[in-house]
Structures are given as C-alpha cells and as structure tokens.
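The values are calculated or read from the model by the stated rules, or taken from the named source; none is laboratory data. As the structure is a computational prediction, the values presented were derived from the model and not from experiment. With ideal geometry, Cβ positions are generated from the backbone for all residues, glycine too; neighbour counts draw on all protein chains shown. Heavy atoms of the whole protein, side chains included, go into the accessibility calculation; ligands, DNA and RNA do not. Shrake-Rupley method; radii C 1.70, N 1.55, O 1.52, S 1.80 Å.
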Amino acid sequence: MELAGSHYFTEIRDTQAWRSRGLLALYCFGVASLIAAIVTFIAHNWTYLGTGMKLGGLGAALIICAGLWVIKGFDRPSAQSFGIAVQVLIGVWLAAAGQLYQAPGGLQDLLLTWAVLGVPFVLVSRSAPHWAVWFGVIWLAAISPMGLEVLAAVGPDCLDAIWLAGAVILGAGVMGSLYKRSPVWLSALLAIGLGILCIGASWLGLFDAKRLGQFGPSLIALVLLGVTGWRSYALKVASPTAIIASAVAIVCVSIFGELISGVFDEPVLFFFLMTGLVCAATFGLVVFFKHLRVFIDADEPDTDGADTDPWYMDALIGAGGVLTAGFACGLIGAVIGLSGLMESNWGVSLSIIGAGVYALSIAIRQRQPGQFIRFMFGTFILAWMSCLALGLGEAASETFVAGLVLLGLSIVTVWLVSGDRILSALMAVSACIGMAFIITELLGQSWDVAVLMCVYTVLGLVFSTVLLRGRVHIHLTAVFLIAAIATGLIAGMDMGHLADSSWTLIDIVNGLLAAAGGAWLWLRYVRSTGLTWPIFVVLIVIAIILPTGAVPAMLLLMLAYSIGSRALFLIGVIAMAWFLFSAYFDLSMTLIALSGIMATVGVGLLGIWAFASKRVEIAS
C-alpha cells in the first residue's frame, strides 16, 4: 500500500497565497474569540452595572474602536477589523438602549436606524467585509417583521414593497461592486441577498396580493434582476450572473405556476405540469451555465491550478441535476402512490421498485458521461438504493439490516461506476449513514457518537494519505471529516448529554483523535508547508478546548491548508467559526469561565498570528 505525501500537491499549491490565507484566518478567529470573551464578561456582570455604566461602556468601546480605526489608517487589515467593530457596536448600543429604556418600535426599526447611522462609516471604509456587514443589516431589515414606525408610514399592505426596496439597495450594491472591481465574493453574496428578496417579494404578491397587485411585485423583481444580471453578464463576471439567472428562473416558474393553478383545478395534473415546468427551467439554467463558462472574469483565476472552470459553475450545474432528479423521484413516487402498489406489504414493494430503478440508473449512468447526467443519475442512484435499503429493513423489521444494505450498496456502486468523484462522494455519504445505523444499533446511545466520530475521522485521514488506483481521493476525505464534524455538532447541541458519562467518553475520543490525527497529518503534509510544530500543537490544543467536533474541523482545516484546497479550507473555516459561536451556548460553564476560555483561545490565536507574521516578514 503506497502512501501519499506533500509532494503530490506541491505543483498546484501557491505557497505565498496560502500563507496569506492562513494568517488572515488566524487573525479573524483570534479577534472573534476576544470579542466573544468581552461579550460574555459583560453578560456576566450585566445585572450589576447601572444604566449609565452599560451604555457608557458600550459607547466607550465604540469610540476606542473608531479612534484605533483612524490611527491605523483605514485600509490595513487590523484597521478594517476596528471599522467593522464600530459598525457592530452601533447596533449593540442601539439594542441595549432600546432594552433599558423600553423604547417603542420593533426589530425592523432598530435595524433601519442601525443602517442609517452606519452610512458615514461604511462610506469612509474601503473594506469589502465592512460593506458586506452593512448590506447584511439592510437585508435583515427588509425581511424582518414590520416595525411600528414603518407600519405607521406605509401601512400593513406594503410588505412586498419593503422587500423590493431592500432589493433595490442590494441591486445597487451589486452594480457598485461590479464597477469598482470589488472581490467577486462580495458581488456573489450581494447577488444571493438580491435574489432572495426578489423571490420573496414575488411570492408575497402571488400568494397574498397587496397594494402592488398580484403580479406587480414579480414584474418589478424581474426588471430589477434583469438590469443587474445584464450588467453582470456584460462585465463578464460569472458568479453573480449565474446566481441572478437562477433567481429569474424561480420567479418565472412561480408566475407560470400561479397562472396554471387558475386553469387546472385537478391537483394531480397540476403537480405533473409543475414538475415538468421546474425540470424544463432547470435544464435551461444548466444550458445557460455551460454557455456562461466562456465569460469567466479575469479576477477569478484558479490559482490552485486544478481545473480551468470555477468550482461554483460545476456546483450550479450539479444543483440543476440534483433538482431535476428530485422532482423526477417525486413524479415516480406519485405514480406509484396512485397505482396502489404500496397498500400491502410496502417494504417488499419498495425493495422491488427501488432495486429496479437503481439498476436502471446504474446502466444509464455508465453510458452517459455528461456532467448534468452524472449529477442527475447519481442522485437517482442514491435515492433508490436508499429506498431499497429502507424496504429491506422494513421487511426484516431491523434497522441494522437497512444500514448494512446501504453500506454494501455504496461499495458495490463505487465498484460498478469507477472514476466518478461525484458519485463516489455521494456513496461515501450513504456509507456514513449506513455506518450510523449499524453502530447505533450495535452499541447503543452511550457509545454511538464517540465511536462514529472516531470512525469517520480515521477514514477521512486514511483516504487523505492512501493511494487508491494511483491517486489520492481527497473528496472522500472531505465527506468523512464533514461527517465527523456533523456528529460532533449533534453531540454538542444535545444538552441532555451534559450530565451523561458519554461526555467524558467524547472528551477522551477528542484527545486521542487530536493526538493521533494531528501527528499523522504533521508527518505526511503539514511540516513541509513551513508551519512550525509549536504553532501546530497550539492549534490542536485550541481545537480540544472548543466544543465537540472542533478537532475534525481543525484537522480538515490543516489538511486543506497543506494541500492547497480552497473548498475544503472554506468548509473548515465555517465549521471552526460555528464552534467558536456555539461555545457561547455551552450551559455546562458559567459565563465568567467561558469568558476566560474564549480569551485564552483569542490570545493564543493572535499570538500565533503575530509570531507567524514576523516569520513571514523575516523570510521575505
């Protein structure tokens, strides 16, 4: 058995770019931890403080952050973090003042006031994250329940108009980010917010006609989406164009669905027509996405060198295939339900039908290599093999049988359809589910979480370093480590485990996984990146301190940093951010103890950031 090492990824890893990303992640996590420590410390002493101390303390923090923002020169990364802190503290001060003085109004009034007061600061800032925070406040204000001041000004029948007003502001943000050549992620994020607001306004008008009429909000939304989408297309920025096109398709399908519902009263016929309409719109989007690939923006190069197409285009095409398969499965299910085949002994019937559709899907998938077909029939295979496993489990009256069949079919499918990363990733997901059924049935609830997290993490590390058929299957590593993270999340969110002995077991498993997994990654990958072992050890210790599941998240983050995978790095960053956030809700500790822990984590991360930054400067 041959093992992989860092030399397999050195040709596609940009060392300088990954050092910058790693330092940025350390800095952001460190600042977030210190902010969480301050917040929990204030919350611990909140009842003992007078009104003046509460508002004065928040105001002083705001003034200090604003002063440091100015002193550090606005544009440096540290200065930008103080600018974002000013923006956040404005909202915190308003919320505290409203609570202390019982100010009239609602959440929407608070958010709108926050947005207005933040305008001067965001205009001074040239930071994309700062703008993202301000537009996020606008988006939340648009979707929040109507406040008393807004209700008095426009009346209760203008909710769709409020959503459209928010969409106009976000549309202006999309246009501005495109013309200013802001980071593409900002344009894409604003496009997502714009699409949600336009779709929501359209549905509010279609399902509950307001002052703008039943179809008025939909038409206005289409005009707004069309203008921003066309400019994005003309400027050859692919990601917001694809997102806006998806929103246009949803609004159009909604309009046609409302028109069809007024003509056809039969629910079954309406379902069939809507299924065909959604599948046709999805296929049209896939065709457009393939056409859009030639308009990739010059500011979105694939610096990691794996593919010429950006990852989000593949994801959008894949989403189209999955959506089409989902509606087709629903259509098949409706036909089966109307035929009466499931009325008696449904377990056996579901097994037979699942086996037939599964075999047919395998045959078609082997002969059609297109990307859309891969996603579509990969979803078919996953859905109907699950039906087969469920049917056999019901026929045998054993959950263990369903898990065993699902695990076996996952292995058989990968063997029958080899060389397909997408399908093998889906089969890894089904294998994780099958193992969860088996282990839960065999070991019981006191051991299942710890054993599952351990099994998933070990499998992830194995697939990250073992060469199978001459290559490393990083996508399988991602699936199993994400499954370990999800298992930790389930354990952490279940507060009933706080007084259970399984917490002690999970803590032991956390330590063992951190020690063994960290040592393995260090030997195979991490030490060749220039990261010193003291820094690596401190990061692993911090992962052990955080809630259950942070250890596999940290291992995923370290692996992504070592091999140069932006997608896995993003998943790891999001997971670690969630664990930092969820630590606040750990009821097993007092607020003052939690504040101390978060302060320790923050100081440790910022210390690592300062030390690593100095090493990079000396090396340069």
What are the pairs with Cβ atoms under 6 angstrom where one residue, in segment 277-293, is farther than 16 Å from residue 375 by Cα and open to solvent by 40 Å² or more (accessible area, probe 1.4 Å) and the other, located anywhere, is part of a helix (DSSP H, G or I) and among the β-branched types (Val, Ile, Thr)? Sequence gap at least six, or different chains. 277/253
State which residue is modelled with the highest pLDDT when the search covers only segment 332-356 and only residues that are open to solvent by 50 Å² or more (accessible area, probe 1.4 Å) and either under 26 Å from residue 473 (Cβ atoms) or assigned to a helix (DSSP H, G or I) (or both). 352
Scan segment 236-278 residue by residue and report those that are within 30 Å of residue 184 (Cβ to Cβ) and either modelled with pLDDT under 85 or polar (S, T, N, Q) (or both). 236, 237, 238, 239, 241, 246, 254, 278
Does residue 378 satisfy the condition of being under 22 Å from residue 474 (Cβ atoms) and crowded, with 21+ Cβ neighbours inside 10 Å? yes
Considering residues of segment 229-265 that are in a loop (DSSP other than H, G, I, E, B) and free of Cβ contacts under 8 Å to residues at least 60 places away in the same chain only, the residue nearest to residue 196 (Cα to Cα): 262
Cβ contacts < 8 Å: first residue open to solvent by less than 20 Å² (accessible area, probe 1.4 Å), restricted to segment 544-558; second residue at pLDDT below 80 and in a loop (DSSP other than H, G, I, E, B), any location; separation 6+ or different chain. Result? 558/525
